[in-house]
Each structure stands twice: as C-alpha cells, then as structure tokens.
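Student: Below is one structure. I have some questions about it.
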Amino acid sequence: MIRFSHVTKIWPNGAPALRDISFHVPKGQFVFLTGHSGAGKSSILSLISAHERPTEGDVRVANLSLRTLRQGEVPKLRRRLGIVFQDFRLLDDRTTDENVAFALEVTGAPRAAIPGRVMRVLTQVGLASKARSYPKELSGGEQQRVAIARALVNDPPILLADEPTGNLDERATRSVFQLLRDINASGTSVIMATHNMELVRGTTYRNLELKQGQMVYDSQDEPLVEMAE
Amino acid sequence: MRLVTREAFRAFRRAPGLSALAVAAIGFSLFTTGLYALVALNFRGALEGLAERVEIVAFLMRGTPPETVTLASQDIAAFPEVLEVNYVSAEEALKRAQQELEEFREAYKELSSNPLPASLEIRLKPAYRSAAAARAVADRLAGFAFVDDVRYGREWVERLDQLRRLASVVQFMIGIAFAIVAMAIIGVTIRITVLQRAGEIAIMRLVGATNNFIRGPFVLEGAIKGVLGGLLALVLCWAGFTLFKAALGTDLPDLRFFRPLDLLVILLFGTLIGLLGSLLSVGRHLKAV
C-alpha cells in the first residue's frame, strides 16, 4: 500500500529532513510514527501525500510512484488518501455536513449521492446529531471527528493522521483514538504520527520511531536489508 | 457549474467588506480612467470642431468668364480631398464685407466701384483637414490660369496640426498610465482576497481538488466584481459629468457623454480586469503553495 525505498529528503536550504528511509506498510495495517519534534514524522506524511517530493529514492502510494507522478496527477493520489491534522483545518463558515460534503463536491461526486454518504460517515463518527452545527459550536474532540469524517467520506484506502490528538484533552484523545482503531478495523490503513507514547504502549500496533531524520526502531523488527528489495 | 456559482457567491457572503472593497477599488480605478477618457473625448471633439473651419479660398482674376468658373468648380469638386466648392461673386463678397466688418461699413458705402475679387471657397473632407492636404490643394488651385491668389491660413492650420499630434500622444500616454495604475490597484485587491482564502484553498487541495476546480469560483467571483466595479465607474462618471456640466452652465459647446458602445467597452474592460486579475492571482498562489 505504501512503500518507501531509500528515501532521502533534503530541504532547499540544505538541511536534511529524512535520511535513507525504507519501509513498507501493507494494506490494512495501523502504524504509529513516533519521535521528537523535528525527527521527520511530518516529513514522511508530507511525502505520502505528495506535498513534498523525495530528493533521493522513491515513494509508492496506492500503486502511484512519486518519481513519475506529474504535478497534475497529485489530486488523483490525494483522493486515495484521507488526511487529518492536529489543528482540524475545518472551514469555519460551513456547518459540519457542509464541511464533509465539500470533500465530495470538489472531487466531482454525483450530487444526488452526497447527502446520503455524508450522513453515513457522520453517523460512523458519532456526530449525526451535530450535522447542522458550525465548527465553533463543537468541542475540540468533535471538530477532530468532523475532520476524520471529511477524510473518510471518499472511502480512501489510507488515512494519514498528523498528531490528531495533539490538541485534545485525555477523554477526547481516547475517543478519537478509538475511532481511528475502528476505522482501521474496517480495513483502512492508518498512519498516525504522535507524541503520545501512552497510546502507543497500550496497543500492539506497529511503531516506527524516527530520530534526526533516520529510522531508529521498527517494532515489527524487520531487517532493513530485506525491505530494500 | 452550479457548485462554482454557489462557491463564488458564498465568497461574497463570507467577506462582504472585502468584496465591497474590491468592487470599490475596481470602480474607482475605472472611474478615474473613464473620467480621463471623457475629457480626452471632448477635447478631441473640440479640436475637430476647429479643424472643420479649415478652408481654402482661391481669389479669381477680374473678368473671368462665369462658364470657366463653373467648369473649373466641377473639376475642383472632383479632387479627392474636397468636400464642397462654393462660388462667391464680387458683389456677394462686398455685401458680406459690409455685414461682417462693421467698422468699415461706411467706407464700403462710399465706394464707386467694387474693390473685392470673386472667389471660390473650398472646404475639405474631415480626413484631409491637415496642413499637408491644404497645401497640396492650394498648390493645385494656384495652377489654374484664372486664379490670382490662394489663401488657407497656413500658419493656423499648421499649428492646429501640431496641437492635434501633441494631444493624441499626451492622451495616449496618460491613458496608458491611468490604465496601469488601475490594474495595479485592482491586482493588489484581488491578491488580498486570494490570500484571505488561502486556508480554504489548502483544504481544497488536501481533499483532492484539481487546480482547475479551485480556479473556477475565483474567476467567476473576479468577473462579478469586475462587472459591479464597471457599473460603479459608469455611475460615478455620469454623476461627475452631470455635475461638471451644471457647474459650467449653458455657455459651453456641447459636451458629450459616452455612447452606448463606449459604455459596453468600459463594462467589458472591468469584467476582463476582474477575471484576469483573479486568474493570475490564484494561479500564482497555486504555484507558490
């Protein structure tokens, strides 16, 4: 589903972000990306979503290679991903259902199908009753659920979550994390960057730990040589 | 298309102040340009009025037979530059002189014979009311055996020529300057609207919107602002024109406002500026992020 092959990313100012990273995430896996701030977690997510391109090596996502992907094809890749961020990134002047519907509208989904799909996914994240509320009327945890609903409404095979619980209190953190686990249980691959080691320790999910742009630990403990295939 | 329209109008609803500012910027920029165009238009009209007075007079030798004059008049009327030929007999010339030159009225009355010659007055077609054309026609007239002298107010016509040339160069340059300033102001205003919506653009990209899709509502929004700005400019121009005319009173030659076609051009120019400004701004933004 996602494959990094000897990926190095150097920023335009010469600072290295990632050095020789290789790993493979099979379909349906839940993966934590851990490490200190600046370790390279967000860089990995930016490469998966083609916000950045590797300086060396290749990234393959859902059968698309970043090495050959033209700029005009980036939307095609993004439609195979759902992405959520720490700061939710909702449109404040739109209600919950409008925010979710927006993701369908911009990808040209048939109009008649939109309300049904929006309500289905809002029910899935437990916010059907808040469909007509504006983001400002929702708690942080609820806003993150809306963002997750928006990420899921296109039925992507991969969900990227960049510190999705970073702005939430403990209770909201637990419920959002449980939601991500449920989503994964239904077959979606989830890549979650987090600082919250409690969440990581409480599960058996795979953990990729980064330090200064290098991968220092893979809980799956695959020998790096094999992954370079 | 429905979605593009909805998104464009949503932008107006969400930031009414900024939208009004953009419309006002387009409106006032086009207003100053339009006001300038009105001045130029009327100035040109006034110059053309002056040029209409370009006239060539050929004084005839005494005793030229009327038939010769009639035949020659027909020849002259056939010159490509000539609009009309008017024969003024010696008697008519005297009558005119008595009427028009009051201070000599008494002197003319006491004359025993008419000292004034008969003449041909020649008016030129609008395209030939220049010093060069007048000189060419005058030279040809001087070639007729019965023509004694030809006058066309050479200095005056040459001055008029210079004035017209200067006016068109100055008008063109000031016009370009006005248009550039207008486009710069409009460009900056539209850029602000794009930056204000940077977050929304980022989210659209995040969920897989293509660049063309993102551009659509912006371009429509820009075009609508352009139309509204153009209308505002026309209203302001009309108000300015009316006030100006009222302030001057009635003793001025006919000032004229834009013709319907001019109005349409201004409106289209506004629309185009709004549309292209948005397209460029959002394009630049999409390239930068």
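The values are calculated or read from the model by the stated rules, or taken from the named source; none is laboratory data. In this text the structure is predicted, and so the values were computed from the model without any measurement. When we count neighbours, we look across all protein chains shown, and the Cβ atoms used for this are built from the backbone with ideal geometry, even at glycine.
Student: Of the residues B:93, B:97, which single one is buried (at least 16 other Cβ atoms within 10 Å of the Cβ) and at pLDDT below 85?
Tutor: Values: B:93 fails: at pLDDT below 85.
The conditions single out B:97.
Student: Mind checking which residues of the range A:139-150 are crowded, with 23+ Cβ neighbours inside 10 Å and over 18 Å from residue A:116 (Cβ atoms)? Even if it seems obvious, please write down each step before you answer.
Tutor: Start the filter on the range A:139-150 by keeping residues that are crowded, with 23+ Cβ neighbours inside 10 Å, which leaves A:143-150.
Matches in the range A:139-150: A:143, A:144, A:145, A:147, A:148.
Student: On to the next question. From the list B:218, B:213, which one is under 22 Å from residue B:267 (Cβ atoms), within 14 Å of chain A (Cβ to nearest Cβ) and outside any loop (DSSP other than H, G, I, E, B)? Break it down into steps so the answer makes sense when it comes.
Tutor: Numbers: B:213 fails: under 22 Å from residue B:267 (Cβ atoms).
Within the list B:218, B:213, the selection yields B:218.
Student: Still on this structure, please answer the following. When you scan the range A:4-66 for strands (runs of 3 or more DSSP E) that lie fully inside it, which ones turn up with 3 or more residues that are surrounded by 20 or more Cβ atoms within 10 Å (Cβ to Cβ) and within 14 Å of chain B (Cβ to nearest Cβ)?
Tutor: On the way: elements: A:16-25, A:30-34, A:56-61.
By residue number, no strands (runs of 3 or more DSSP E) qualify.
Student: Let me ask another. Among what's in the range A:120-138 and is in a helix (DSSP H, G or I) and touching a helix residue (DSSP H, G or I) at 6+ places or on another chain (Cβ under 6 Å), pick the residue that is surrounded by the most Cβ atoms within 10 Å (Cβ to Cβ).
Tutor: We begin by selecting, within the range A:120-138, every residue in a helix (DSSP H, G or I); these are A:120-124, A:128-130, A:135-137.
Now restrict to residues that are touching a helix residue (DSSP H, G or I) at 6+ places or on another chain (Cβ under 6 Å): A:121-122, A:128, A:130, A:135.
Working: A:121: 24, A:122: 22, A:128: 16, A:130: 19, A:135: 19.
Residue satisfying both the conditions and the ranking: A:121.
Student: Additional query: Name the single residue, out of those in the range A:93-109 being modelled with pLDDT of 90 or more and outside any helix (DSSP H, G or I), that is farthest from the other protein chains (Cβ to nearest Cβ).
Tutor: A:95
Student: Okay, moving on. Filter the range A:67-92 for residues that are not in a loop (DSSP other than H, G, I, E, B) and not acidic (Asp, Glu) and give the result. Let's see the steps before the verdict.
Tutor: First pass over the range A:67-92, keeping only residues not in a loop (DSSP other than H, G, I, E, B): A:71-78, A:81-85.
Correct list: A:71, A:72, A:74, A:75, A:76, A:77, A:78, A:81, A:82, A:83, A:84, A:85.
Student: So, in the range A:110-135, of the ones that are among the charged types (D, E, K, R) and within 14 Å of chain B (Cβ to nearest Cβ), which residue ends up nearest to residue A:171 (Cα to Cα)?
Tutor: Applying the first criterion (among the charged types (D, E, K, R)) to the range A:110-135 yields A:111, A:117, A:120, A:130, A:132.
Retained after the next criterion (residues that are within 14 Å of chain B (Cβ to nearest Cβ)): A:111, A:117.
Numbers: A:111: 36, A:117: 28 Å.
The selected residue is A:117.
Student: For the range B:15-54, give me the residue count where each residue is touching a strand residue (DSSP E or B) at 6+ places or on another chain (Cβ under 9 Å) and within 14 Å of chain A (Cβ to nearest Cβ).
Tutor: Looking only at that region, the number is 0.
Student: Six or more apart or on different chains, Cβ atoms under 6 Å: show the pairs whose first residue is in the range A:48-66 and closer than 18 Å to residue A:1 by Cβ and whose second is aromatic (Phe, Trp, Tyr).
Tutor: As it stands, the answer is A:59/A:4, since those pairs meet every condition given.
Student: While we're looking at this one, here's another question. When you look at residue A:84, is it buried (at least 23 other Cβ atoms within 10 Å of the Cβ) and within 12 Å of chain B (Cβ to nearest Cβ), yes or no?
Tutor: yes
Student: Separate question: Suppose we keep only residues that are out of contact with any Leu (no Cβ under 9 Å at 6 or more places or on another chain) and of a type in the set (Lys, Arg) within the range B:103-133. Which one would you say is nearest to residue B:56 (Cα to Cα)?
Tutor: That would be B:105.
Student: Of the numbered conditions (1) within 14 Å of chain A (Cβ to nearest Cβ); (2) surrounded by 14 or more Cβ atoms within 10 Å (Cβ to Cβ); (3) farther than 30 Å from residue B:260 by Cβ, residue B:87 fails exactly one; give the number of that condition.
Tutor: With respect to (1) within 14 Å of chain A (Cβ to nearest Cβ); (2) surrounded by 14 or more Cβ atoms within 10 Å (Cβ to Cβ); (3) farther than 30 Å from residue B:260 by Cβ, residue B:87 is out only on (1).
Student: Given A:147, A:172, which one is outside any loop (DSSP other than H, G, I, E, B), under 14 Å from the mean Cα position of the chain (by Cα) and in contact (Cβ under 8 Å) with a residue 12 or more places away in the chain?
Tutor: Numbers: A:172 fails: under 14 Å from the mean Cα position of the chain (by Cα).
Answer to the check: A:147.
Student: Starting from the range B:2-14, keep only residues that are within 8 Å of chain A (Cβ to nearest Cβ), then list their pairs with residues that are of a type in the set (Phe, Trp, Tyr) whose Cβ atoms are within a distance under 8 Å, requiring at least 6 positions of separation or different chains.
Tutor: Every condition considered, no pair remains.
Student: Any residue at all in the range B:173-189 that is under 30 Å from residue A:99 (Cβ atoms) and either without any contact (Cβ under 8 Å) to a residue 24 or more places away in the chain or in contact with a helix residue (DSSP H, G or I) (Cβ under 8 Å, 6 or more places away or on another chain) (or both)?
Tutor: Start the filter on the range B:173-189 by keeping residues that are under 30 Å from residue A:99 (Cβ atoms), which leaves B:189.
Remaining after also requiring either without any contact (Cβ under 8 Å) to a residue 24 or more places away in the chain or in contact with a helix residue (DSSP H, G or I) (Cβ under 8 Å, 6 or more places away or on another chain) (or both): B:189.
There is at least one residue in the range B:173-189 that is under 30 Å from residue A:99 (Cβ atoms) and either without any contact (Cβ under 8 Å) to a residue 24 or more places away in the chain or in contact with a helix residue (DSSP H, G or I) (Cβ under 8 Å, 6 or more places away or on another chain) (or both).
Student: Would you confirm, using the coordinates I've provided, whether residue B:205 is of a type in the set (Lys, Arg), surrounded by 15 or more Cβ atoms within 10 Å (Cβ to Cβ) and within 14 Å of chain A (Cβ to nearest Cβ)?
Tutor: Numbers: of a type in the set (Lys, Arg): yes; surrounded by 15 or more Cβ atoms within 10 Å (Cβ to Cβ): yes; within 14 Å of chain A (Cβ to nearest Cβ): yes.
Here the answer is yes, as residue B:205 does meet what is asked.
Student: What's the total number of residues in the range B:221-262 that are in a loop (DSSP other than H, G, I, E, B), over 30 Å from residue B:277 (Cα atoms) and of a type outside the set (Val, Ile, Thr)? First the steps, then the outcome.
Tutor: So the first thing to find is which residues in the range B:221-262 are in a loop (DSSP other than H, G, I, E, B), and the list is B:249-259.
With the extra rule that they be over 30 Å from residue B:277 (Cα atoms), the set shrinks to B:249-256.
Now narrow it down to the ones that are of a type outside the set (Val, Ile, Thr): B:249, B:251-256.
Result for the range B:221-262: 7.
Matching residues to (1) in contact with a Pro (Cβ under 6 Å, 6 or more places away or on another chain); (2) more than 14 Å from every other protein chain (Cβ to nearest Cβ); (3) of a type in the set (Phe, Trp, Tyr); (4) surrounded by 15 or more Cβ atoms within 10 Å (Cβ to Cβ):
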residue	(1), (2), (3), (4)
B:140	no, yes, no, yes
B:155	no, yes, no, no
B:158	no, yes, no, yes
B:163	no, yes, no, no
B:173	no, yes, no, no
B:184	no, yes, no, no
B:198	no, no, no, no
